[in-house]
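The values are calculated or read from the model by the stated rules, or taken from the named source; none is laboratory data. All of these numbers come straight from a predicted model, not from anything done at the bench. Neighbour counts are summed over all protein chains in view; Cβ atoms, including those assigned to glycine, are modelled from backbone coordinates with ideal geometry.
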Amino acid sequence: DVYKRQDTATEVSLLVLAGGASAFNLPWYAILTLPVLFAAGMCLLDTIDGSFMNFAYDWAFSRPVRKVYYNLTITGLSVAVAVIIGGIELVSILSDQLGWDTGVIGWIGSLDLNSVGFVIVGLFAAVWFAALAIWRFGRIEEKWSAGARPTAAERGR
């Protein structure tokens, strides 16, 4: 929800800039520069995200043990992010209603959710790096699929 608000705010600000530029009698192609650059950036990032998720899904769904590990990692990460954001929101409401503006509660209540978004992106990267390291060096697939029956796709090889 925070990111959707940021995208909307960015789109509105670009429209305002483009509208303000038209007041100075700029040519139509100069006015369209910012919205086109914004759309190109969104397309690039959505393509990168789609490619990454395609790779992640292909990896995760190739074997049952991988699917369980992937689902546990994603679910745990989603719960952690929900608890972090929900906790910040709850503490900020309590801080406002009770007038606590000092100490840890005051500090948490004054946090900017845009800045917390950067921390969450870092959390995503750290969790994925740790999950990959645990998968690789902990030999999770070897340990948990040793007693499992092979799937139809694996028997066909």
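Of all residues in region 69-128, those being more than 30 Å from residue 59 (Cα to Cα), surrounded by 14 or more Cβ atoms within 10 Å (Cβ to Cβ) and small (Gly, Ala, Ser) number 4. Residues in region 1-36 that are within 30 Å of residue 81 (Cβ to Cβ) and at pLDDT 70 or above: 1 in all.
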